[in-house]
Each structure stands twice: as C-alpha cells, then as structure tokens.
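The values are calculated or read from the model by the stated rules, or taken from the named source; none is laboratory data. Since this is a predicted model, take the numbers as computed values, not measurements. We place every Cβ from the backbone using ideal geometry, glycine too, and count neighbours over all the protein chains shown.
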Number of protein chains: 2
Amino acid sequence: MHEDSFYGVQARFLIAVDCTILGFIDNEIKLLTFRRKIEPKKGGLSLLGGFMNENENIDQAASRVLKTLTGLDNIYMQQVKAYGNVDRDPGERVISVTYYALINVTDYANSLLPESDLEWISLDRKRELIFDHEQMLDDAILLLRRHAALHPIGFNLLPEKFTLTQLQSLYESIYGETMDKRNFRKKILGMDILERLDEKDKKSSKRGAYYYVFNRQRYESMLDKGFVFTM
Amino acid sequence: MHEDSFYGVQARFLIAVDCTILGFIDNEIKLLTFRRKIEPKKGGLSLLGGFMNENENIDQAASRVLKTLTGLDNIYMQQVKAYGNVDRDPGERVISVTYYALINVTDYANSLLPESDLEWISLDRKRELIFDHEQMLDDAILLLRRHAALHPIGFNLLPEKFTLTQLQSLYESIYGETMDKRNFRKKILGMDILERLDEKDKKSSKRGAYYYVFNRQRYESMLDKGFVFTM
DNA sequence: TCAAAAGTGTTCATTGTACACCCATGT
DNA sequence: ACATGGGTGTACAATGAACACTTTTGA
C-alpha cells in the first residue's frame with residue numbers, strides 16, 4: 001500500500017491555536033482576552049486564537065497569532081495541551097492546541113491596547129470565557145505553576161528591573177497564596193541569580209526599594225554546575 | 001461573516017496519535033514498538049500510532065489505536081504533546097498528538113505479542129526510532145517522571161501484587177538512578193498506602209519477599225485530607 | 001510626628017541522606 | 001554450610017516554616 005493513498009483516505013481537521021496570554025498588572029496575574037467577532041458566540045470573551053496554516057509548525061502558528069493580534073514578538077510561550085472534543089466548537093469540528101504566553105506588560109501594554117478589542121481581565125472572571133477556554137486557562141495556570149516552581153520564568157512577567165516586593169507579589173499571584181517576606185527574600189537572594197542595582201523604586205514607598213535584575217547568564221552557568229532553581 | 005465560510009477557507013490537517021507504551025520487564029522500563037508496514041520508512045521501528053477519525057475525540061483516538069494494535073483496554077494514558085513540524089513526516093504533512101501509556105505486562109504480554117509485529121525494546125535503543133519518535137519518547141519519559149513523582153501511577157506498570165524490591169526497581173528505572181533500600185522502604189511504607197499480604201514471592205529469593213498491594217481507596221481518602229504523594 | 005512600605009535573623013520542625021548487619025531458606 | 005536476596009534503625013545534614021521589630025522618608 002502506498003503512503004499517499006493510505007494517508008489519503010483519512011479525515012482532515014481544522015487546527016486552531018489558542019493562547020493563554022498572561023500579564024502581571026496591579027500586583028495580579030491577568031489574562032488577555034478578545035471579543036470574538038464571528039458566530040458562534042460572537043461577542044463572547046475568548047482566548048486569543050487563530051487557525052494554523054499549511055506552511056508553519058505549531059509553535060510558529062502560536063507566535064504568528066500572538067503577533068497578529070497584539071503586535072508582540074519574541075514572547076516566552078509554552079505549549080500546554082491539545083483539545084479535541086468532538087463538539088468543543090459548536091461551529092465546526094476544530095482541534096485546538098493551546099499555549100501559555102508570559103508578557104511583560106510594563107513595556108508593551110500601552111502600545112497594544114487602545115486600538116483593539118483586547119482586554120485584560122482578572123482570573124476570577126474566567127467563567128465568562130467561551131467554549132472550553134476556561135478549561136484551557138485552568139490547565140495553562142497549572143502548567144505555569146509547575147514550570148515556575150522549577151525554572152526562573154516569572155521574570156518574563158516583570159520589567160527588566162524590579163523590586164523584591166514585586167517579585168514576591170508575582171509568585172504569590174502565580175501560586176495563589178501568600179508567602180513570608182523574610183523566607184522569600186532569604187531563598188531568592190540565596191540563589192545568587194539576582195543583582196541589586198544602586199537605584200531605588202520610590203513609586204510605592206517613601207523609603208524606596210532597591211531594584212534588582214535577573215542575571216540570566218549567571219543562572220545558566222550555575223545550571224551547568226548542577227544548580228536547580230526551585231521556588 | 002458567517003462561521004462556515006470563515007472556517008471554510010482554512011487549511012485542514014491529518015492528525016495522528018502516537019503512543020509511547022511502556023511496560024516493566026526484567027526490572028527495566030521497556031517501550032513497545034511496531035515495525036512500520038508502509039512507506040516512508042517501511043520496516044522502521046515506530047511508536048504505535050494511527051490517524052484520528054472524525055467521530056472521536058483525541059483521548060478516544062488514542063485508546064482506539066492502543067486497542068486496535070494490542071488488544072488492550074482500560075489502560076492508563078496521558079497526553080504528552082502535539083508535534084507539528086512541517087516536515088516531521090516525509091510522506092505528507094501530519095500533526096501528531098502523543099500519549100504515554102503504562103501497561104501491566106505481567107498480565108498481558110503473552111497475549112499480545114506472538115501474533116504481531118510488536119516488540120518490546122530497551123530504552124537505550126531509542127535512536128532506532130523513525131521520524132521524531134525519539135523526541136516523543138524523550139518528552140514522554142520526562143513527563144512520566146514528573147507525574148510519577150507526584151502521583152502513584154507507577155502501580156499501573158506492576159501486577160496487582162508486587163514486592164517492595166520490584167517497586168523499588170520500578171522507581172529506579174523510571175528515574176534512571178539507584179535508591180537506598182532502607183530509605184525507599186521507610187518512605188513508601190510511611191505513606192500507609194500499601195497493604196502487606198500474608199503471601200510471599202519465592203521466585204527471586206529463597207527466603208521469599210512479602211507481596212504488597214496498592215490500596216487505592218485508602219490513598220484517595222487520604223488525598224481528601226490533604227495528603228500529597230511524593231516519590 | 002506618623003503612616004507606610006522596606007529590610008533583616010534565629011529557632012524549631014520536618015525531611016532527606018548516609019550507612020551495615022542479621023535473617024530465612026533452598027541448594 | 002553457604003550463597004542469595006529480604007528485611008531493619010539511627011545519626012546527621014539540609015531544608016522549610018514560623019515569627020517581630022527597626023529603618024527610612026515624604027507628607
């Protein structure tokens with residue numbers, strides 16, 4: 001049996017890519033959503049998505065969707081899962097491959113929002129999402145938590161320089177639980193992957209808090225020596 | 001714009017399901033492979049796979065593929081990842097969604113093997129696999145390790161009753177490292193999820209080793225009380 | 001001067017790790 | 001009697017968790 005005829009009789013499917021795009025805004029992880037412009041569920045809140053093209057692989061499709069809808073490029077993205085329930089999209093059978101993306105809102109938010117139907121929503125509004133997008137969000141957050149516990153990916157959500165208070169709020173938001181300030185600082189500073197700048201953030205306190213930067217180079221060289229990040 | 005016409009112009013794709021099927025044989029995790037019967041790569045070693053049908057979701061497709069090729073049913077399976085490189089299958093563009101499956105070989109191995117092109121191979125032969133199946137296997141093993149560290153899924157690879165020595169060998173094989181016998185037993189027995197039977201396995205020692213069974217009911221009731229399995 | 005956030009160490013409990021000898025039995 | 005795998009406990013180290021006060025400064 002020749003492969004073309006063998007493959008040929010098989011069903012073919014639409015493949016969508018849906019992105020759980022997360023940003024850290026007002027000390028809280030928020031989700032970037034989009035008002036759907038077509039039926040079914042026109043006007044409903046949706047993850048950012050689009051269909052996969054012939055000439056690209058899945059990661060490329062995800063990057064393209066993100067770029068097209070937000071203008072953002074070079075974003076940290078990870079595949080989460082493929083969803084394929086027969087009736088997950090009432091319009092037509094669509095298999096969706098989902099990603100989560102972490103974006104540094106401080107630098108980009110203003111440039112992307114005004115001219116579009118994009119909206120940052122708090123995660124407790126997730127029940128407004130269409131189709132199985134709430135499930136996708138839940139799975140993405142769970143995966144993010146597991147990744148964030150083992151890799152320094154949280155920094156993708158922060159500006160280049162940040163305070164330890166911000167960093168702690170970020171982890172508290174990711175895990176949905178509060179942490180002890182002294183223990184948090186002891187742990188993160190003990191890893192020796194942050195560099196303190198001689199500059200303070202005076203926006204949120206009179207005294208001012210030192211800015212830190214993540215030293216990725218140092219982190220990577222420590223990895224080679226068997227260091228494991230855990231947070 | 002109506003959804004049918006909108007969806008209609010999009011590309012459609014073949015979707016395959018490929019399964020990393022693992023069994024515990026001769027104190028070692030082995031992979032069930034299949035000699036490919038069609039071009040391209042006819043005769044090459046392959047994961048067990050097949051194409052998705054119109055009327056089934058992805059999990060169902062994976063179960064069907066497993067059932068069709070091995071006769072096995074009710075198997076523990078988890079989705080790993082979707083692979084979509086444009087040229088991953090030289091025959092034609094195919095997106096593959098992969099799963100890993102854990103099977104209890106003791107009960108089934110004899111019934112499935114003789115009449116087929118299936119073969120259990122040691123994981124160090126993985127470089128013989130076709131296409132991107134080696135990558136799939138690697139990703140599956142990594143995911144299995146993460147899952148096995150947090151959930152009592154290893155028991156799916158063992159017969160109903162097993163000795164602690166077997167169980168330890170299983171975890172050693174999953175993680176690829178040896179463990180201390182006393183520490184291992186202290187930890188697993190301390191969880192209080194195993195029950196010792198009044199029966200010994202005399203196959204591998206003169207003295208005989210007690211059989212144990214996994215008490216799933218007890219495990220699940222402990223989960224409700226906040227217990228977390230870690231291994 | 002006071003309100004508000006920043007910064008800082010110690011103690012205790014829990015968990016993980018290293019380590020060596022006796023036991024039971026079939027041959 | 002001996003070879004083979006089965007079974008057991010203790011001491012130390014590392015890690016995680018709880019906890020409260022002083023500092024700085026703009027208003």
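Here is how the numbers come out for the structure above:
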| quantity | calculated |
| --- | --- |
| Matching residues, segment A:176-212, being among the polar types (S, T, N, Q) and touching a residue at least 24 places away in the same chain (Cβ under 8 Å) | A:SER204 |
| Among the residues listed as B:VAL86, B:VAL65, the single one being among the hydrophobic types (A, V, I, L, M, F, W, C) and either touching a Lys or Arg at 6+ places or on another chain (Cβ under 6 Å) or surrounded by fewer than 16 Cβ atoms within 10 Å (Cβ to Cβ) (or both) | B:VAL86 |
| Candidate set: segment B:14-35, residues that are within 13 Å of chain A (Cβ to nearest Cβ) and buried (at least 20 other Cβ atoms within 10 Å of the Cβ); chosen: the one nearest to B:LYS203 (Cα to Cα) | B:ASP18 |
| Meets criteria (surrounded by fewer than 18 Cβ atoms within 10 Å (Cβ to Cβ), among the aromatic types (Phe, Trp, Tyr) and under 16 Å from the mean Cα position of the chain (by Cα)) for A:TYR99 | no |
| Among residues of segment A:191-226, those that are basic (Lys, Arg), away from DNA strand D (no atom under 13 Å from the Cβ) and modelled with pLDDT of 95 or more, counted | 3 |
| Residue match in segment B:76-86 (condition: more than 9 Å from every other protein chain (Cβ to nearest Cβ) and free of Cβ contacts under 8 Å to residues at least 60 places away in the same chain) | yes |
| Residue among A:GLY190, A:GLY208 that is exposed (fewer than 13 other Cβ atoms within 10 Å of the Cβ) and either near DNA strand C (Cβ under 8 Å from one of its atoms) or under 25 Å from A:ARG146 (Cβ atoms) (or both) | A:GLY190 |
| So B:ARG182, is it within 16 Å of DNA strand C (Cβ to nearest atom), among the charged types (D, E, K, R), within 14 Å of chain A (Cβ to nearest Cβ) and farther than 20 Å from B:LEU32 by Cα | no |
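Quick grid of which residues meet (1) closer than 17 Å to B:GLY23 by Cβ; (2) more than 14 Å from chain A (Cβ to nearest Cβ); (3) in contact (Cβ under 8 Å) with a residue 40 or more places away in the chain:
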{"site": "B:ILE103", "(1), (2), (3)": "yes, yes, yes"}
{"site": "B:LYS126", "(1), (2), (3)": "yes, yes, yes"}
{"site": "B:LEU129", "(1), (2), (3)": "yes, yes, yes"}
{"site": "B:ASP132", "(1), (2), (3)": "no, no, yes"}
{"site": "B:ARG146", "(1), (2), (3)": "no, no, no"}
{"site": "B:LEU157", "(1), (2), (3)": "yes, yes, yes"}
